[in-house]
Amino acid sequence: EADIYQTPRYLVIGTGKKITLECSQTMGHDKMYWYQQDPGMELHLIHYSYGVNSTEKGDLSSESTVSRIRTEHFPLTLESARPSHTSQYLCATGADTQYFGPGTRLTVL
Amino acid sequence: GENVEQHPSTLSVQEGDSAVIKCTYSDSASNYFPWYKQELGKGPQLIIDIRSNVGEKKDQRIAVTLNKTAKHFSLHITETQPEDSAVYFCAASIGGGADGLTFGKGTHLIIQP
């Protein structure tokens with residue numbers, strides 16, 4: 001069983017607010033990922049990290065930013081939330097096998 | 001880069017019948033193929049995976065087959081039950097995961113009572 005956690009699980013926030021979505025894992029994996037998932041189901045990779053101090057942009061352009069100061073944490077930040085950012089955000093960790101957290105459902109009003 | 005096609009996008013089967021979801025991939029160097037199940041309100045969970053050195057793998061009611069020549073792999077679920085209703089994703093990667101997983105677009109499996 002993978003130990004990967006995301007908080008908050010649900011977030012409703014107004015336009016213009018700064019938000020940080022937390023992701024932490026206790027598996028000691030170097031690689032971590034952020035995906036955006038819309039109601040159409042498809043998973044879109046928006047950020048990934050090879051390890052501490054490494055951050056890379058994924059296939060889908062995103063206004064969010066990430067940081068990786070510690071192996072176990074990979075937070076995602078939106079400086080100014082907009083309704084277009086409303087989505088499900090999934091964090092994952094692992095090398096070839098990826099283990100997903102439960103997700104954060106973000107709603108921006 | 002790798003491209004993974006998944007079909008069908010929606011599959012409805014009667015409880016007790018079998019369900020088959022098919023995926024094709026483009027990069028012949030890919031050698032790791034996991035399948036994920038995502039239930040409503042949860043993250044995707046790994047249910048079975050296969051590596052290119054085997055053609056088939058089975059775990060109770062689920063099985064995965066791989067045809068490297070044709071570059072396609074399939075998920076088979078037998079004796080379907082209501083709790084099998086979910087979204088299923090296939091994925092492919094080159095072992096070691098330097099470029100991560102490439103996912104299919106998902107299949108919504110509906111088990112009719």
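Some observations on this one:
- Summed residue charge, Cβ within 15 Å of A:Arg68's Cβ, Lys/Arg positive, Asp/Glu negative: -1
- Rounded, prolate or oblate (a/c below 1.5 giving rounded, otherwise prolate when a/b exceeds b/c) for region B:36-113 by Cα gyration tensor: oblate
- Set of lysines with alpha-carbon distance to A:Lys17 below 24 Å, sequence-local pairs under 8 removed: A:Lys57
- Average Cα contact separation per residue, region A:52-109, under 8 Å, 6 or more apart, as relative contact order %: 25 percent
- Magnitude of the charge dipole, the protein assembly as shown, Cβ model with Lys/Arg +1 and Asp/Glu -1, debye to 20: 360 debye
- Listed by chain and number, the lysines whose alpha-carbon sits under 23 Å from that of B:Lys58, ignoring those within fewer than 8 places in the same chain, are B:Lys22, B:Lys37, B:Lys68, B:Lys71.
- Between region B:51-113 and region A:7-39, the alpha-carbon centres lie 26 Å apart.
- Peptide A:98-105 has a mean shielding of 4, counted as Cβ atoms of other protein chains within 10 Å of each residue's Cβ.
- When chain A is described by a simple charge dipole with +1 on each Lys and Arg Cβ and -1 on each Asp and Glu Cβ, the residue from A:Ile4, A:Gly40, A:Ser87 located farthest towards its positive end is A:Ser87.
- Shielding score for A:38-45, defined as the mean number of other chain Cβ atoms within 10 Å: 5
The numbers here are math on the coordinates, done by the rules we state, and not lab data. All values reported here derive from a predicted model rather than from experimental measurement. Note that we place each Cβ from the backbone using ideal geometry, even for glycine, and neighbour counts take in every protein chain shown.
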